[in-house]
Amino acid sequence: MIEVRELRRSFGGVKALDGVTLTVGDGERRAVIGPNGAGKTTLFNVLTGELPPTGGDVRLAGAEITRLRPWQRARLGLARVYQRTELFAPLSARENVALAVAARAGPYRAFRAPPRSEYAAADALLERVGLAGRENAAARILSHGERRQLELAVALAQRPRVLLLDEPTAGMSPAETARITELISGLDRALTILIVEHDMDVVFRLADRVSVLHEGRVIADGTVSEIRGDVRVHDVYLGKAVSVA
Amino acid sequence: MSPELLFQQALNGLSFGALLFILAAGLSLVFGMMDVVNLAHGAFYMLGAYVALTVVQFTGSFWLALAAAPVALGALGLAIEPLLLRHLRGRHLDQVLLTIGVSLVIVDQIGLIWGREVRSLPFPPGLDGTVVLIGGVYPVYRLFVIAFGVALAAVIAVIYRRTKLGMLIRAGVEDAEMLGALGVNTDRLFALTFAVGAALAGLAGVIAAPVFGLQPGMDVDALLYSLVVVVVGGLGTLGGAVAGSVLVGPVDTFGKVLFQEFALAVIFAIVALVLLFKPTGLLGRIRIAR
Amino acid sequence: MTRAARWVALAAVAVGLVTFPYWSAAWETSRFATTVLRDMLVFAIFALSLDILVGHAGMPSLGHAAFFGGGAYAAGIASQRLGTDQLPITLAAAVLVAALLALVIGLLVVRSEGIFLLMLTLALAQIVFAIAFQWTAVTGGSNGLAGVSRPTLFGIDLSAPDRMYVLVAATFLVVSLLIWSLMRSPYGRALTGVRENERRMRALGYDTTRLKLSAFVVAGMIAGVAGALSAYSQRFVSPGDAGIGTSVQAFVMVLIGGAGTILGPVLGAGVVMYIQRVLSSAIPVSETVLGLVFIGFVLLARQGIVGLGRAAYARVRAP
């Protein structure tokens with residue numbers, strides 16, 4: 001579904017991505033892990049088109065998308081949950097989701113109130129992520145955990161083929177983390193998911209395969225159990241950050 | 001166009017460019033340091049010219065006016081920054097809007113104090129003549145403007161590179177908040193920056209007055225040209241102000257000769273080209289368009 | 001108040017507004033009041049159109065007078081050159097020219113934001129002013145365009161002051177309703193999305209550049225309508241109509257009244273026109289007063305009169 005070949009991106013002299021090659025199959029759930037500064041968020045920014053790469057290419061379902069604008073990639077089915085919450089603060093939860101629902105429809109209706117079906121779809125998604133009853137609350141008054149749930153609902157409203165999750169559980173309480181993990185794990189198996197996450201429990205719970213990014217390169221790639229046993233991975237990351245039983 | 005005329009127009013262009021540099025340097029400095037585009041810059045320029053008019057009326061000395069106007073404008077800037085802009089620190093757009101209000105007040109007050117008819121400032125004695133250059137007579141004052149602009153650029157460059165103040169300015173343009181973290185009194189630095197910007201606008205007003213006269217609307221022209229210069233040259237850098245003025249001055253002058261009433265369309269074309277192909281301006285680092 | 005009651009009240013206000021010259025006819029000041037109110041409503045339309053950009057889409061523009069002036073000149077020139085006073089023809093000319101200008105300027109500025117957008121709109125619009133000021137053969141140059149004829153519509157001559165007023169007031173109502181419905185539609189909501197978080201909108205699949213450009217053109221067209229109304233009302237177009245003074249005037253109206261609302265720009269137009277047309281005959285420093293009022297709102301009440309009203313209402317309701 002996603003093929004990344006020799007992707008490079010440097011900032012000044014710093015190589016944030018130094019030739020990343022990665023293939024994620026249809027319906028696969030792939031975690032990208034690595035220490036801070038390994039290039040994970042840069043990788044996501046290049047995948048969504050927010051940053052142009054300095055080299056390499058990206059394919060989505062076989063189609064070359066390296067030069068497409070972010071909104072064109074979104075229309076092709078690429079959705080993203082940001083690490084830092086990116087919502088429309090004064091709009092209600094329902095309107096936040098409805099914006100994503102309507103994005104597919106375009107050209108946008110003018111001079112008439114939004115169709116009811118749009119809000120119905122939004123409400124259904126809000127219920128699915130556990131925000132039933134919060135439809136009318138402005139995004140800015142939601143709790144951190146609720147905002148992350150709303151982010152997920154917004155991304156799902158895009159009806160994506162590929163979902164990029166950038167630390168979906170960052171800053172969440174253990175209970176909230178468990179719930180959002182449950183939620184992600186229960187998503188349609190046809191949906192391809194790429195997830196960046198520091199919480200190894202979440203990674204091992206959600207991912208089919210894991211890619212380890214270090215200094216802008218993929219240094220290991222394998223199933224969850226292969227990665228657990230990989231010595232190099234322990235050296236650069238797991239050994240220092242988390243104990244893996 | 002004959003070679004003599006071409007040469008004269010080239011000098012005119014350079015002279016206008018030198019004036020634009022004096023004008024734009026202040027705008028660019030304030031933006032570089034404070035991230036504020038001072039939309040009262042044209043009003044400051046206008047006020048400088050009128051202050052000079054009064055000084056010349058009372059003392060008869062252009063040179064005294066050339067010193068007094070920047071001092072007066074500097075003092076005004078030194079008052080406006082802490083009184084108004086400081087309260088909106090960090091809200092750059094609102095600070096810019098505030099300068100619109102300042103401009104409205106200043107221009108209205110100028111009209112009340114000095115009247116709204118066209119006035120003129122005589123050329124200073126000694127610079128009111130002409131010289132013969134390449135087969136044509138040329139006004140000395142315009143050569144003086146070129147020399148003054150070049151000298152000012154040199155002085156600013158030396159201050160930038162060789163003094164502690166210059167070091168602070170360069171660091172501030174890079175990241176003004178970091179200066180605060182390093183223990184620099186940014187309140188004082190910003191007030192001073194704004195004052196120097198205002199003083200430079202006032203200086204440009206005095207220099208321009210003998211050539212262009214004094215009239216309502218001169219503030220808008222000055223603001224427009226200084227904005228074009230910093231957009232074309234690049235915001236916040238001395239080099240950008242120089243490059244912008246050296247390009248816009250002659251282009252505008254030749255545009256007026258060749259296209260008369262559509263000269264501004266040439267300027268429009270330059271701005272459009274820069275936006276499309278070099279969104280940072282020629283020598284800038286700040287992108288003004290995505 | 002129920003929904004229905006609110007509509008009835010609004011309709012009553014609307015009818016009262018349109019018929020103002022008739023029910024105020026007995027007043028001594030009726031003629032003057034009608035003129036001031038007419039000019040205020042012209043500027044209310046103009047300010048409402050600017051607020052589409054400033055308040056709704058988050059695109060602060062200081063060049064909106066280019067479209068107002070463009071519309072005014074187009075209406076005036078069309079009526080003179082084509083020798084017609086048919087409202088549909090001259091108004092269409094105004095809207096078309098304003099739309100074209102907005103498209104050209106918009107294409108260059110929509111990739112910029114905030115302060116940069118402000119600078120660029122100011123600079124580019126001033127070029128429209130310069131053309132109006134200098135292209136004497138077509139625009140009348142610094143003398144302006146005199147003798148613009150008042151329009152006729154369906155054979156009705158609108159040149160009498162009270163009829164001219166009715167045309168302006170009715171157009172104002174139509175434009176307000178139009179903008180109101182536009183802003184509550186998915187299109188308006190998308191503009192709000194752009195204002196709040198353009199990057200996220202792109203990630204959702206919105207072509208935000210096109211959205212912003214379309215907002216620029218729509219706002220420009222409505223400003224063109226206001227410009228045409230100004231030309232008919234004054235029977236005169238001045239290059240100043242396209243100049244920065246006019247842009248600043250509209251911006252001040254939007255900010256004083258309250259950006260991002262329908263009522264705000266209208267109230268702002270009222271306040272500014274009061275200062276400029278009524279107060280100015282009493283004191284000589286009216287522009288200074290306007291500048292100080294504007295500074296006061298930017299410093300202390302950035303949400304404008306509507307924001308102040310909302311805050312006061314919230315305080316009354318929550319004891």
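If you place +1 on the Cβ of every Lys and Arg, -1 on the Cβ of every Asp and Glu, and leave all else neutral, what size is the dipole of chain C about its Cα centre, to the nearest 20 Debye? Mind showing how you got there, number by number?
Numbers: 22 positive and 12 negative charges, 191 e Å.
About 920 debye.
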Item to check | Rounded to whole Hz, the Karplus (6.51, -1.76, 1.60) HN-Hα couplings of the range C:99-110, x for glycine and proline | outcome: 5, 5, 4, 5, 5, 5, 5, x, 4, 7, 9, 5
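Taking N as the number of residues in the range A:86-159, what value does Rg over Cα atoms divided by 2.2 N^0.38 Å take? It would help to have the intermediate numbers written out before the result.
Details: Rg = 11.5 Å, N = 74, 2.2 N^0.38 = 11.3 Å.
Rounded to two decimals, the normalised Rg is 1.02.
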Item to check | Signed unit charges on C-beta, dipole axis of the range C:29-240, positive-most listed residue C:151, C:128, C:140 | outcome: C:128
Item to check | Virtual spin-label span in nm between residue C:12 and residue B:181, 7 Å along Cα→Cβ | outcome: 6.1 nm
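By count of other Cβ within 10 Å, fewest leading, how are C:43, B:58 ordered?
On the way: C:43 27, B:58 10.
With the sparsest Cβ surroundings first, the list reads B:58, C:43.
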Item to check | Cβ charges +1 (Lys, Arg) and -1 (Asp, Glu), total dipole of chain A, debye | outcome: 740 debye
Checklist entry - Which far-off residues, 5 or more places away or on another chain, put their amide H under 5 Å from the one on residue A:220, with H placed in the peptide plane? => result A:212
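For C:213, B:6, C:290, what's the fewest-to-most ordering of other Cβ within 10 Å of each Cβ?
In increasing order of surrounding Cβ atoms, one gets B:6, C:213, C:290.
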Item to check | Centre separation in Å (Cα based) which lies between the range C:47-66 and the range A:130-184 | outcome: 35 Å
Checklist outcome for this item: Measuring from its Cα centre, the protein assembly as shown shows a charge dipole (+1 at each Lys and Arg Cβ, -1 at each Asp and Glu Cβ) which, in debye to the nearest 20, is 1060 debye
Checklist entry - What's the center-to-center distance, using Cα atoms, between the range B:102-125 and the range A:19-84 in Å? => result 59 Å
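Just check chain C against the gyration tensor rule for me: Cα atoms, a ≥ b ≥ c as the square roots of the eigenvalues, rounded for a/c under 1.5, and otherwise prolate or oblate depending on whether a/b exceeds b/c. Before the final figure, lay out the partial values.
Details: a/c = 1.43, a/b = 1.10, b/c = 1.30.
Cα axes put chain C in the rounded bin.
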Item to check | Per-residue ³J(HN,Hα) for the range B:38-47, Karplus 6.51 cos²θ - 1.76 cosθ + 1.60, θ = phi - 60°, Hz, x for Gly and Pro | outcome: 7, 6, 8, 4, x, 5, 4, 4, 5, 4
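Give A:40/C:212; A:15/B:278; B:164/B:278 a once-over and call out the pairs whose C-alpha atoms are over 29 Å from each other. Spell out each step's value before the answer.
Details: A:40/C:212 31 Å; A:15/B:278 25 Å; B:164/B:278 32 Å.
In this structure, A:40/C:212; B:164/B:278 lie more than 29 Å apart at Cα.
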Next on the checklist: Can you compute log10 of I(q)/I(0) for the protein assembly as shown with the Debye formula, treating each Cα as one identical point scatterer, at q = 0.04, 0.08, 0.09, 0.10 Å⁻¹?
Outcome noted: -0.21, -0.82, -1.00, -1.17
Item to check | Rounded tilt (10° steps) of A:144-157 against the dominant C-alpha axis of chain A | outcome: 80 degrees
Checklist entry - Cα centroid distance between the range C:122-141 and the range A:187-208, in Å? => result 61 Å
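Classify the range A:57-215 from the C-alpha gyration tensor, please: rounded if a/c falls under 1.5, else prolate or oblate depending on whether a/b exceeds b/c.
Working: a/c = 1.96, a/b = 1.17, b/c = 1.68.
Oblate is the answer for the range A:57-215, as a/c is 1.5 or above yet b/c matches or exceeds a/b.
Can you figure out the FRET efficiency of residue B:258 with residue A:5, using R₀ = 60 Å and their beta-carbon distance, to the nearest 0.05?
On the way: r = 53 Å, r/R0 = 0.88.
Efficiency, from the Cβ-Cβ distance: 0.70.
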Checklist entry - Using 7 Å Cα-to-Cβ label points, what is the residue B:162/residue B:71 separation (nm, one decimal)? => result 2.5 nm
Checklist entry - How far is helix B:3-34 tilted, in degrees, relative to the longest principal axis of the Cα atoms in chain B, given as a value from 0 to 90 rounded to the nearest 10? => result 10 degrees
Checklist entry - Which FRET efficiency value, to the nearest 0.05, do you get for residue C:84 and residue A:205 by plugging their Cβ-Cβ distance into 1/(1 + (r/R0)^6) with R0 = 45 Å? => result 0.05
Checklist entry - Got a sec? How would C:27, C:180, A:71 order by Cβ neighbour count within 10 Å, fewest to most? => result C:27, C:180, A:71
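Would you mind getting me the FRET efficiency between residue A:138 and residue A:26? Use the beta-carbon distance for r and R0 = 56 Å, nearest 0.05.
Taking R0 as 56 Å, the efficiency between residue A:138 and residue A:26 is 0.90.
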Checklist outcome for this item: Tilt, helix A:93-105 to longest principal axis of chain A (alpha-carbon atoms), in degrees rounded to tens, equals 80 degrees
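Rule-based calculations on the coordinates, nothing more; no lab input. Bear in mind that the values here come from a model prediction, so they are computed numbers and not experimental data. Glycine also receives a Cβ, built like all others from the backbone with ideal geometry; neighbour counts cover every protein chain displayed.
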